[in-house]
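Here is the structure we will look at.
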Amino acid sequence: MIVNAHVHFGEPWGPPVHIDVHYTADELLRDMDRDGVDMSVIIPFIFNYDNEYMANVAKKHPDRIIAYAMMNPWRHKNRKDDIKRYVDMGIKGLKLRSPSEGFCLNDYLILDDVYEACIENDIPLMVHTGDDVLSTPLQCEEMIQKFPQITMILAHAGFRALADEAIRVAKRNKQVILDQTAATSQQLRDAIREIDVERIIWGSDSPYMDERVELEKIRVGVEEPEVRRKILGENILRILKIWK
């Protein structure tokens, strides 16, 4: 079972971000079939996103697509209520991308109720991490220590410059998952050496990156078949309680 745990998805209705891109269900399923991917976790494109749309796509393809919601906490007056509503629609996780939306990952004033809602609704919180002052792994650790029941996925696992910091945070906090999306082969090898392989997942960052290339990184970089199976799918299915 191969599960792509990080796919950007949707049909943005406003100015394009990064590149003029969209990714629909037909396009995603076409690529999954081509690449031998069984399921994908879809995440809205930043800024212009519709969480209900995401949930409805997943409902139409329950055996192939899993949906996360995305939230800019500045725009939500009743964050807990909104997250509960997303979960009731079938959303399986929440994504925050602080560099794009003007907050730090350890901003208690706007994030405390987001963390609490993820715990109360038993969903993981995915956060973009990298060498940006708004999204460092150490900021994540500060919040994890305040909310030790949270399951936190560090998207991009520190993204190169802070990859070692992300690994250190994961070593100290067992509820941290390292998402190796767009990571280097060295990041992947270091993570496998330093933490439990059950806490490492794979994603492609499609459509920005080619799923075939990102798959090959794992196939070449992970020699043990059992470890490869876990990273390529079993781990994320267990984290999302789809497999036990």
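Read-outs: derived from the displayed coordinates by stated rules, not from any lab. Keep in mind the model is a prediction, meaning the values are calculated, not measured. Heads up, the Cβs are rebuilt from the backbone with ideal geometry, glycines too, and the neighbour counts pull from every protein chain shown.
Relative to its residue count, the chain spans a Cα convex hull of 113 Å³ per residue. Where both bridge residues fall in the chain, DSSP classifies roughly 5% of the beta bridges as antiparallel. For residue 67, the residues 5 or more places off, or on other chains, whose built amide H falls under 5 Å of its own are 42, 92.
Of the candidates 159, 147, 103, which one comes out as most mobile in a Gaussian network treatment of the chain with C-alpha springs shorter than 10 Å? Comparing 159, 147, 103 in a Gaussian network model of the chain, the most mobile one is 147. Assuming charge only on the beta carbon of Lys and Arg (+1) and of Asp and Glu (-1), the dipole of the chain about its Cα centre is about 540 debye to the nearest 20. Remark on residue 5: its backbone amide H falls under 5 Å from those of 41, 202, 203, 204, a criterion applied only to residues 5 or more positions apart or on other chains, H modelled at 1.01 Å from N. Here the spin labels are modelled as points 7 Å beyond Cα on the Cα-Cβ line, and at residue 227 and residue 59 they lie 4.2 nm apart.
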